[in-house]
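Only one structure is covered here, and it is reproduced in the block below.
The values are calculated or read from the model by the stated rules, or taken from the named source; none is laboratory data. This one's a predicted model, so the numbers in the text were calculated from it and none came from an experiment. All Cβ positions, even for glycine, are placed from backbone atoms using ideal geometry, and neighbour counts span all protein chains on display. The protein model used for the area step is the full one, side chains on, heavy atoms only, and it has no ligands, DNA or RNA in it. Shrake-Rupley method; radii C 1.70, N 1.55, O 1.52, S 1.80 Å.
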Amino acid sequence: TMTENCLPNHLASSRAIADATACDCEVMVLSFKQPCNDASLQHIKYIFNSSTTWASGRNLLYKLAMQKEKKFLYYIFIDDDIDLEMITKDTTNPWRAFEKSLLLYEPAIAAPPQPERECSSWCLSALYSYRKGLGCPLKADEITDFIPTVRYDEAYVALHRRAVSRVMPYLTQYDEFTWWFAFMNVAMKSEIMFQGSTVGHTFIAAANGKHRSYPKVAPTGKDLLGILDIVESQLPKDLKNSSVLQGWRERQLGQFSQSPTICFPPLKPLSTTR
């Protein structure tokens, strides 16, 4: 995660990521305003860099994580204003529930949706409505712990070790005027490479308690096609003729989230697929 100085209280708690006994994990924190000298938690390491953007900061954390001798099943990126909460009335700790679900189902990429009170385009009601609008079947046995998605919120996202190096790093060349394009690039690659294994939870939400000011410009159709050109250049040869990629081109991207993935049934664990 990235933060101004030291971790905020809601993250630096045993409920969230401060309990080293709760998981086999390490935490790296990039401080971007002032260095943090708190060394009280052995599994949390701070680094300082005052010149990063959201994308370049995550790229730095990604690079450092990949250099570690120990490899993990998931690499989770968290904005420091995010807190998890249960959508249901279950009193389970949502942080531990999220981690448990990753180990159980092993999606390529998982990102909890927004709570309904913060809903824009990324909460359960919006996702269900979008599925219905595309004519997807909504069978009772199809919607379980996850809902397949293309569009997801990068504020809290878990990347499987078989996926992280294929979709990272983020683009940074557009950061001066918008940070949104960095996400678009990763989301497009996620859909092409791991169709049906990019998911949102149906029982956990990621609440955004603080909205900082940052460069944001909505992409035009031309912008999206430009990002798609970059995506195609980054794909392995056997995926350059992907039906998803070609479909987006034929529709001039149209609705970015429009993809067969939206109608897929629950995923298979990534470790069981090729």
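Given (1) more than 26 Å from residue 31 (Cβ to Cβ); (2) out of contact with any Phe, Trp or Tyr (no Cβ under 7 Å at 6 or more places or on another chain), identify the lone condition not met by residue 81.
In the conditions (1) more than 26 Å from residue 31 (Cβ to Cβ); (2) out of contact with any Phe, Trp or Tyr (no Cβ under 7 Å at 6 or more places or on another chain), residue 81 misses (1) alone.
So is residue 214 open to solvent by 60 Å² or more (accessible area, probe 1.4 Å) and outside any loop (DSSP other than H, G, I, E, B) or not?
no
For residue 73, which of the numbered conditions (1) open to solvent by less than 40 Å² (accessible area, probe 1.4 Å); (2) farther than 30 Å from residue 177 by Cβ fails to hold?
If we test residue 73 against (1) open to solvent by less than 40 Å² (accessible area, probe 1.4 Å); (2) farther than 30 Å from residue 177 by Cβ, just (1) comes out false.
For segment 217-271, name all the residues that are at pLDDT below 80 and open to solvent by 70 Å² or more (accessible area, probe 1.4 Å).
Within segment 217-271, 220, 250, 251, 252, 255, 260, 265, 268 meet the criteria.
Please find, within segment 107-129, the residue that is modelled with the highest pLDDT out of those that are in contact with a Lys or Arg (Cβ under 9 Å, 6 or more places away or on another chain) and farther than 12 Å from residue 202 by Cβ.
108
Within segment 168-193, take every residue that is more than 13 Å from residue 59 (Cα to Cα) and among the aromatic types (Phe, Trp, Tyr) and give me the one that is modelled with the highest pLDDT.
Looking at the filtered set, the residue picked out is 174.
What do you reckon, is residue 59 more than 30 Å from residue 196 (Cβ to Cβ) and either open to solvent by less than 50 Å² (accessible area, probe 1.4 Å) or modelled with pLDDT of 95 or more (or both)?
Spelling it out, it is not the case that residue 59 is more than 30 Å from residue 196 (Cβ to Cβ) and either open to solvent by less than 50 Å² (accessible area, probe 1.4 Å) or modelled with pLDDT of 95 or more (or both).
Quick one: in segment 220-246, of everything that is assigned to a loop (DSSP other than H, G, I, E, B) and touching a residue at least 40 places away in the same chain (Cβ under 8 Å), which residue is nearest to residue 190 (Cα to Cα)?
Within segment 220-246, the match that is nearest to residue 190 (Cα to Cα) is 235.
Out of all the residues in segment 130-167, which are part of a strand (DSSP E or B) and modelled with pLDDT under 85?
Selection gives 146, 147, 148.
I'm told residue 28 meets every condition in (1) surrounded by 15 or more Cβ atoms within 10 Å (Cβ to Cβ); (2) assigned to a loop (DSSP other than H, G, I, E, B) except one. Can you identify the failing condition by its number?
Of everything listed in (1) surrounded by 15 or more Cβ atoms within 10 Å (Cβ to Cβ); (2) assigned to a loop (DSSP other than H, G, I, E, B), residue 28 misses just condition (2).
Identify the residue in segment 60-115 that is in a loop (DSSP other than H, G, I, E, B) and among the acidic types (Asp, Glu) and, among all such residues, is nearest to residue 191 (Cα to Cα).
Checking each candidate, the answer is 106.
Do we have residue 23 as free of Cβ contacts under 8 Å to residues at least 40 places away in the same chain and surrounded by 15 or more Cβ atoms within 10 Å (Cβ to Cβ) here?
The answer is no for residue 23.
For segment 33-52, check the following and say yes or no: at least one residue is outside any loop (DSSP other than H, G, I, E, B), open to solvent by less than 50 Å² (accessible area, probe 1.4 Å), touching a residue at least 24 places away in the same chain (Cβ under 8 Å) and closer than 21 Å to residue 185 by Cβ.
No, the conditions are met nowhere in segment 33-52.
If you go through segment 163-195, how many residues are among the small types (Gly, Ala, Ser) and open to solvent by 10 Å² or more (accessible area, probe 1.4 Å)?
1
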